[in-house]
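I have placed the structure first, in the form of structure tokens, so that the comments after it can refer back to it.
Bear in mind that the values in this text are calculations on the coordinates, not laboratory data. All values reported here derive from a predicted model rather than from experimental measurement. All Cβ positions, glycine included, derive from the backbone under ideal geometry; neighbour counts span all protein chains shown.
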DNA sequence: AATGAATGAGTCTTCATTCAT
DNA sequence: TATGAATGAAGACTCATTCAT
């Protein structure tokens, strides 16, 4: 009674479109700049009706965040699944990351765009969700064969920072996402200079 | 600079504190989250009084942005002035950039934090101001001796992206800004792997 | 009682719990402060379902009021049934009144707590219901052997006012209801001063 | 500058009418039933404008409450000032109380009508304000020469309860307030029965 | 007999902005 | 220069009620 498969499906009928609309608008305009009316209009309801499905604007954001983490995480996990070379894994992961936030998922985009501190009431929840995902990069970078003196924390921050910042400048039509990911990882892995030799590659201490 | 010297001076008397307050709050909370009342209160005036000095909230932001560009640009220009080695120039520039947006100037911080699209009416002005500054990195990176196939545009975007993103995670007490700048540039310049492979590059300490 | 016994019974099946819940919440929080959702939730249904049983929130209140009058009236009638002394009757009535609105019946409590004017559409109905009950006190006080110049109307208003106001301050754990009723009636019946004599008990006219 | 006498006066120009309107409507309809729009309309402004003067609806209520306590307290204090007989003091106090809440001050009426628990955020403040006033009755009743076994707490509760409940039934045109106060106190002070019984008390006119 | 879904009118509140003084 | 006062448009949210199923 109320949990027939059919009913259950109809029950969440409008939740999905609602989340999609929210994700789309949060991703495009940010949290504050998006109004409940915007979202409601996008799915053809009135602002008040949204509250039948979600208790608050924050609850909507949280749901989007959760789905965002779920999607980008599984996308990333898949991308490294068959791979054993640590650098190739990182390349794949970076590509998955970029593809998801640039092309494929408004949900994931929201996760990058909306900073937890902007929504104090659920700040901690958002932070946890983010860490859940970002920790994967900790592991990925730990697995890299690096010189001892390399600060892996800064390395991760650099790669993720550069990646996340793509949201600011990337437009459909920029370089293919695949190339960007490749470039970002290889900029790190390889030396950038022509191998014209000693004085370049030697590090003066 | 002229007319009633006295009057003129008194006129701009409150502009500076007003800009300082605006810069400080925009940098800390973002544009939308900062109210005219916040800014007015910080300098001990009432909201309406702000409009004697600035035509609108947007005008305030624009003024802050301009000052931000001025400051970070001159800081960067100084930092590379005496230097001739292109990598060292980039290192210095990056350090200047980071120091300015992390430690030294709310004005510059605003420039990084507040995205032009958030204020459609002056979006283009803001974009121009930003480019004005970021172009310096185009030049800096053009001067680098790199292998031919390196995409200098992506390289710039990676370095600046990673740098700007520090705003998200950097807290007083993280690694010294100097080290972060060094690391970011060297991660790019040098190979990251232990020198197990001759064909890559030798690294000696 | 009649027709499809089974169906009929099942029909009113949910009416009782619904009324109970309404009474409980109206009594505890007042009319405006109680939402249809509160009531529905309390009996495990959805807000819309309430309207199958009651035409409106007002109708619910009216039903509660009616039941409230029924209960407190019969409770009071019982309490004075065997008694012939008019003062004892009043004492019993007051105790019955207090016990009902303080301890025993949310329905009766509602009658005291929710003022007719708060629900203009049914204001008159509510007023009639109340009078129906309060008239009993008119009779009770008429039966009292009092000096001629005593304003029996004010006397009733004082006793009932003091009694009803107990809702404001009474908490389980205050004096026993029985004692309160006794005290209220005896404060009226007896002189309050030590019988130190004439000048006290003489009323200067 | 801004604190000229003239300016200062003009400053609080609209606060008084606003408070008056709020007091009037809270007294007439209760807190929840009164909207900010009601109050604003009454003084000829728009709802938003109210917030220039008061931070919230609750703040408005609190201000009204405070003024209510101030007024009824000083009214009461005056009424007992010249008097030394404890019963006459109580009579005067009761009359002052009734006159204030029935005839003279919407502010005081609010204090009686709006229960602290209806506004959880400022519940404690309201409770303190009320006690501040009601404590005067504790003192007044403590001063009464009563038989030892009289529960002075219940006595106060009865008198105040009956008095406050007048708000429910009193209409201009009922008995004069003065008579009501007299009656309430004398119902308590004197025995109500004809002097047929020696053992009770003699009452002579 | 009840539910899922929605409505629409209304609530308090916020805030950039205006303007007479 | 600045203020007191107000505006008006918008924002998030609430809730009694409706109605097809």
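Between residue B:15 and residue D:169, the simple spin-label model (points 7 angstrom out along Cα→Cβ) gives 7.4 nm. Between D:26, D:137, D:187, the Gaussian network model of chain D with springs among Cα atoms under 10 angstrom shows the greatest mean-square fluctuation at D:187. Tell me, what is the percent relative contact order of chain B, built from C-alpha pairs under 8 Å that lie six or more residues apart? Answer for chain B is 20 percent. Ranking of C:50, D:138 by neighbouring Cβ atoms within 10 Å, starting from the fewest: D:138, C:50. Here the range C:72-102 is scanned for amide nitrogen atoms under 14 Å from the site 7 Å beyond the Cα of residue C:152 along Cα-to-Cβ, giving C:86-87, C:90. Largest GNM mean-square fluctuation across C:150, C:43, C:185, computed for chain C with C-alpha springs under 10 Å, falls on C:150.
When chain B is treated as a Gaussian network with alpha carbon springs shorter than 10 Å, the biggest mean-square fluctuation among B:13, B:164, B:92 belongs to B:13.
Taking the square roots of 5 times each eigenvalue of the Cα gyration tensor of the range C:148-195, largest first, gives ellipsoid semi-axes of 22, 16, 7 Å. Counting other Cβ atoms within 10 Å as a rough exposure proxy, the listed residues A:64, D:177, A:80, C:110 run A:80, D:177, C:110, A:64 from fewest neighbours to most. Taking the label point 7 Å along Cα→Cβ, residue C:179 and its counterparts in the other copies are spaced 3.7, 7.3, 9.1 nm apart, in ascending order. The calculated 222 nm mean residue ellipticity attributable to helices in chain C amounts to -21500 deg cm²/dmol, summing -39500 (n - 2.57) over DSSP H runs of n ≥ 4 and dividing by all residues. Each copy carries a label point for residue B:28 at 7 Å from Cα toward Cβ; from one copy, the others' points are 3.4, 4.3, 4.5 nm away, ordered from shortest.
Reported to the nearest whole Å, the Cα centre-to-centre distance from the range C:137-185 to the range A:15-75 is 59. Exposure proxy ranking for A:41, A:166, based on other Cβ atoms within 10 angstrom of each Cβ and starting from the fewest, stands as A:41, A:166.
If R0 is 41 Å, the Cβ-Cβ spacing of residue B:135 and residue A:46 corresponds to a FRET efficiency of close to 0.30.
Label positions at residue D:88 and residue B:143, each projected 7 Å from the Cα along the C-beta direction, are separated by 10.1 nm. Shape summary: the protein assembly as shown maps onto an equivalent ellipsoid whose semi-axes, from the alpha-carbon gyration tensor, are 77, 35, 22 Å in decreasing order. The rotation axis bringing chain D onto chain B passes closest to the chain D residue reported with its distance as D:48, 3, by C-beta distance in whole Å. With label points set 7 Å from Cα along Cα→Cβ, the inter-copy distances at residue B:12 are 4.3, 6.2, 8.8 nm, sorted shortest first.
Computed from the Cβ-Cβ distance with R0 of 51 Å, the FRET efficiency linking residue D:81 to residue C:37 stands at 0.45.
Taking the inverse of the mean 1/r over every pair of distinct Cα atoms in the range A:1-150 gives a Kirkwood hydrodynamic radius of 16.9 Å. For the range D:64-165, the C-alpha radius of gyration divided by 2.2 N^0.38 Å, with N the number of residues, is 1.08.
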